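The values are calculated or read from the model by the stated rules, or taken from the named source; none is laboratory data. From a predicted model like this one, the values you see are computed outputs, not experimental measurements. Note that each Cβ is placed from the backbone with ideal geometry, even for glycine, and that neighbours are counted across all protein chains shown. In case anyone asks, the SASA skips ligands and DNA or RNA and just uses the protein heavy atoms, side chains included. Shrake-Rupley method; radii C 1.70, N 1.55, O 1.52, S 1.80 Å.
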Amino acid sequence: MVPKITSMAVTRPLCSVSCLFLSFSLVFIIPLLFFFSNFLISDPNPRISHNTFQNGINVFVAELPRSLNYGLLEKYWSSSPDSRIPNDPDRPTRKTNLPKPDKYPPYPENPLIKQYSAEYWIMGDLETPPENRAGSFAKRVFSESDADVVFVPFFATLSAEMELGNGKGSFRKKSGNEDYQRQRQVLDFVKNTQAWKRSNGRDHVFVLTDPVAMWHVREEIALSILLVVDFGGWFRQDSKSSSGTSLPEKIEHTQVSVIKDVIVPYTHLLPRLDLSRNQRRHSLLYFKGAKHRHRGGLIREKLWDLLVDEDGVVMEEGFPNATGREQSIRGMRNSEFCLHPAGDTPTSCRLFDAIQSLCIPVIVSDTIELPFEGIIDYSEFSVFVSVSDALTPKWLANHLRRFSERDKETFRSRMAKVQRVFVYDNGQADGIGPVQPDGAVNHIWKKVWEKVPMVKEAVIRERRKPAGASVPLRCQCI
């Protein structure tokens, strides 16, 4: 008899060990993927780099006399018109309706001065009551020991331009030069403070947007953090020195560096054009400015001669002052590209007028320094051209004609996203009020904040040097 085999039902687990591991893994991985989705599917070609910054930079404002900032503005408004321009836009309001001494006077509309007005807006931000400064990256503190940096509230540009505009020709002299006297007053004051002595001025911030600001005392502030529009006024090279030889005349290379200093934008003089209001452009390339310049600006004259008769290119002499402003607005808004060659210095407000006009900048330079690089990539909305290529006959116009309509639309859409970054004006006539969170003032302080660790390291190294040791200044520029 064949034994009956009873089949046993095998009880299987509902899920194997490997299945459980996979399930638990998915439970953890899916939320993580969801959490990081903004990073994984973000714009692959961002226009502005949103680096992680701390909550802000602590700024102590040196207690300079009012006569060196807002009092200097009062002096400006009570003085004679600028002798350098025939149609000074500030002429009608001079000596009339002067602001009261305890108020904040407006900054000049004179374009020769207004283009350098960063000092006014930075100071205005720091003077704004705390309850209106929630969006400011600079946190004002009232003790030197709490500060990351010390801001020196001297309107150095206004001081220099007032001396240049008085028609006396005394700027390069020290005798009878009121600007030099003010420079000396500033340095004599800050160098006697404990804050300066503690760091030898390394953590002090000076606004020197005018290439000739603080001209006579630059060696004394060489270690400080300098806010400049470029290094053109510092690396000055003439074709001949004063002795008539071919040797270059240079200001010491150790005084400025992209490592310790901050490149800041000029104040734009033309209004912003919104991308939605952009219309068809009829010119290929536009330029308005002086044909004849000196030193590095000699390229401008050569470019002018090469381009003036080129089809689709508009070259106009002049400056966007009261009489030429409307002409400049029309010219930039009607052109696909705007030429930006060097003048007396590598940059000018023309670049920032072009950005506000959505006119694609054509930057002809081999050595230019630009504001907020590392945060902004200018190659995404500008055309960079070497000097040698630009000076090749027919090359530049032909190069620009190769850009398709889609290319130009892309440039302009990217440009529109960074327009606000170069805006100082907070909409207040006296400069006092909340700054634009993504505007120029906050971006300047973010760049200064990047310098703070290096400054603190330099101060510590200086303290441990043996008495009497002499170490030459070095500039490790990149």
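Sequence neighbours fewer than 8 away in the same chain don't count; with that in mind, list the aspartates and glutamates whose C-alpha is under 12 Å from Lys456. Cα-Cα hits under 12 Å: Asp148, Asp203.
Between Phe384 and Asn192, the simple spin-label model (points 7 angstrom out along Cα→Cβ) gives 4.7 nm.
Straightening the chain between Arg330 and Asn87 buys 85.5 nm, computed as 0.36 nm per residue apart minus the Cα-Cα spacing. Considering only region 275-419, what is the antiparallel percent among its DSSP beta bridges, to the nearest 5? About 0 percent, rounded to the nearest 5. What is the distance in Å between the Cα centroid of region 126-163 and that of region 378-427? Between the Cα centres of region 126-163 and region 378-427 lies a distance of 34 Å. Along region 207-220 the Karplus relation, 6.51 cos²θ - 1.76 cosθ + 1.60 evaluated at θ = phi - 60°, assigns HN-Hα couplings of 9, 10, 5, 6, x, 10, 5, 6, 4, 7, 10, 4, 4, 7 Hz to successive residues, with x for each Gly and Pro.
Would you work out the Kirkwood radius for region 275-419? I mean one over the mean of 1/r across all pairs of different Cα atoms, in Å.
This gives a value of 15.3 Å.
If each residue of separation counts as 0.36 nm, what is the full-extension length gain between Val308 and Lys465 once their alpha-carbon separation is subtracted?
50.6 nm
Extension gain for the segment Arg272 to Val141, taken as residue separation times 0.36 nm less the Cα-Cα distance, is 43.8 nm to one decimal. Label positions at Ala290 and Arg66, each projected 7 Å from the Cα along the C-beta direction, are separated by 3.6 nm. Measuring between alpha carbons in the structure, the pairs from Lys291/Lys451; Lys260/Lys291; Lys139/Lys260; Lys114/Lys173 lying more than 29 angstrom apart are Lys291/Lys451; Lys260/Lys291. Sorted on the mean count of surrounding Cβ atoms within 10 Å across their residues, most packed first, peptides 264-273, 387-396 read 264-273, 387-396.
The Cα-based radius of gyration and maximum Cα-Cα distance (Dmax) for region 355-402 are 11.9, 35 Å. Once the 1.4 Å probe is applied to the protein heavy atoms, region 275-419 comes out at 43 Å² accessible per residue.
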